[in-house]
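The structure appears right after this line, and notes come after that.
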Amino acid sequence: MPLHESRPTMHIPGTTSHTISPHAGHHSHEGTLRYLKSGTGAPLVLLHTVRTQAEHYRLLIPLISDRYTVYALDLPGMGYSEIVPGASYDEPAMRAGVERLLTQLDLHDVTLVGESMGAVLALTTAAELPERVRRVVAVNTYDFRDGIARSSLLARVVVGGVLTPGVGPVLAGVEPRGALRKILQGGLGDTTALREDYLDELLQVGRRPGYPTVARAVYQSLPSLIAARSRYPEVKAPVHLVYGEKDWSRLSDREANKKLLPAADFTQIRKAGHFIALERPDVLADLLNAAA
């Protein structure tokens, strides 16, 4: 599918847009990946959440571009990365997209920063490519039962419907603005942090041909993200676990990950929810810049 079929409705100052081609002669379901690049310094890769894209980090990128060369990836099939019919969106397939970014750009000494699903992928990519990763900042890892369905009753009904055989694909293609706003606000301590122009951008991506199939497959991938926790103890790089006080994860979920990563630093951000990059980019920036 041509990448120029639609363009982002927003631009993050100081960023340029780039693509990574599939491996030549590769017969898997790889597609072209899009990423944003900004800044100077050691490489830092940003991995976004469920149902979002690189622009999820629009507020964070300008705060860290003086210390890092920032690469914000659109995960496979999401944002403006290519939608490939028949592609998998389980954890190994999404991780393969992250690995392509690191290997095709030949990045070393990388700081991997992920939120939600992106946090799981940051940890598993660090386990897979230890020689390339300097450290991992995992924000609100999305690796627990029910996932976004814990956000609100509406999220439970909508996501449950999208996952239902038969009616699910139809529901995935119908994304009312009000419903998407409400579901995303369920991941925020401060609901005003969800800006309308960002919602416009997400809704535009949601109208891309084939995107409802991707969205449904991503929701279906949660069991593979839970299973990926088994890779956490393999991570050799220093890890910083960050949680919003009001994140969907329970205390037991957080404690379980602390046990798997006993050497990890741990920060809990007061009053914040699941989408800390939207709510408290200043806290993430301070944490990242202090370690640059």
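The values are calculated or read from the model by the stated rules, or taken from the named source; none is laboratory data. Not measured: the values here are computed from a predicted model. Here the Cβ is made from the backbone with ideal geometry for all residues, glycine too, and neighbour counts use every protein chain on show. Surface accessibility is based on the protein's heavy atoms, side chains included, excluding ligands, DNA and RNA. Shrake-Rupley method; radii C 1.70, N 1.55, O 1.52, S 1.80 Å.
Kindly provide the set of residues from the range 103-158 that are in contact with a Ser or Thr (Cβ under 9 Å, 6 or more places away or on another chain), farther than 22 Å from residue 19 by Cα and either acidic (Asp, Glu) or without any contact (Cβ under 8 Å) to a residue 40 or more places away in the chain (or both), ordered by number.
143
Going by the conditions given, is residue 232 in contact with a Phe, Trp or Tyr (Cβ under 9 Å, 6 or more places away or on another chain), open to solvent by less than 10 Å² (accessible area, probe 1.4 Å) and under 20 Å from residue 262 (Cβ atoms)?
Details: in contact with a Phe, Trp or Tyr (Cβ under 9 Å, 6 or more places away or on another chain): no; open to solvent by less than 10 Å² (accessible area, probe 1.4 Å): yes; under 20 Å from residue 262 (Cβ atoms): yes.
Spelling it out, it is not the case that residue 232 is in contact with a Phe, Trp or Tyr (Cβ under 9 Å, 6 or more places away or on another chain), open to solvent by less than 10 Å² (accessible area, probe 1.4 Å) and under 20 Å from residue 262 (Cβ atoms).
Only one of 59, 44 is open to solvent by 40 Å² or more (accessible area, probe 1.4 Å), aliphatic (A, V, I, L, M), in contact (Cβ under 8 Å) with a residue 60 or more places away in the chain and not in a helix (DSSP H, G or I). Can you tell me which?
On the way: 44 fails: open to solvent by 40 Å² or more (accessible area, probe 1.4 Å).
None of the others qualify; the one that does is 59.
Looking for something touching a strand residue (DSSP E or B) at 6+ places or on another chain (Cβ under 7 Å), over 18 Å from residue 276 (Cα atoms) and not charged (D, E, K, R) - is there at least one such residue anywhere in the range 82-96?
Taking the range 82-96 first, the residues touching a strand residue (DSSP E or B) at 6+ places or on another chain (Cβ under 7 Å) are none.
No - not one qualifying residue is present in the range 82-96.
Checking the conditions here, which among 219, 232 is at pLDDT 95 or above and among the aromatic types (Phe, Trp, Tyr)?
Values: 219 fails: at pLDDT 95 or above.
Criteria check complete, one pass: 232.
Restricting attention to the range 20-39, does a residue exist that is in contact (Cβ under 8 Å) with a residue 60 or more places away in the chain, part of a loop (DSSP other than H, G, I, E, B) and touching a Phe, Trp or Tyr at 6+ places or on another chain (Cβ under 8 Å)?
no
Just the residues that are open to solvent by 10 Å² or more (accessible area, probe 1.4 Å) and aliphatic (A, V, I, L, M), please, taken from the range 149-158. If you could, list the steps in order and put the result at the bottom.
Within the range 149-158, the first condition is being open to solvent by 10 Å² or more (accessible area, probe 1.4 Å), and the residues that meet it are 149-154, 156-158.
Within the range 149-158, 149, 153, 154, 157, 158 meet the criteria.
Return the total of residues in the range 262-280 being more than 15 Å from residue 113 (Cβ to Cβ) and without any contact (Cβ under 8 Å) to a residue 60 or more places away in the chain.
Going through the range 262-280, the residues more than 15 Å from residue 113 (Cβ to Cβ) turn out to be 262-263, 266, 268, 270-274, 279.
So of that shortlist, the ones also without any contact (Cβ under 8 Å) to a residue 60 or more places away in the chain come out as 262-263, 266, 268, 270.
Qualifying residue count for the region: 5.
With the condition kept exactly as written, say whether any residue in the range 245-266 is open to solvent by 30 Å² or more (accessible area, probe 1.4 Å), in contact with a Leu (Cβ under 9 Å, 6 or more places away or on another chain) and in a strand (DSSP E or B). Give the derivation first.
Within the range 245-266, the first condition is being open to solvent by 30 Å² or more (accessible area, probe 1.4 Å), and the residues that meet it are 245-246, 250-253, 255-256, 258-260, 262-263, 265-266.
Filter once more, keeping what is in contact with a Leu (Cβ under 9 Å, 6 or more places away or on another chain): 246, 258, 265-266.
If we keep only those that are in a strand (DSSP E or B) too, we end up with 265-266.
Scanning the range 245-266, I find at least one residue that is open to solvent by 30 Å² or more (accessible area, probe 1.4 Å), in contact with a Leu (Cβ under 9 Å, 6 or more places away or on another chain) and in a strand (DSSP E or B), so the answer is yes.
Here are some conditions: (1) under 19 Å from residue 16 (Cβ atoms); (2) open to solvent by 10 Å² or more (accessible area, probe 1.4 Å). Residue 70 meets all but one. Which one does it not meet?
Looking at each condition in turn, residue 70 falls short on (2).
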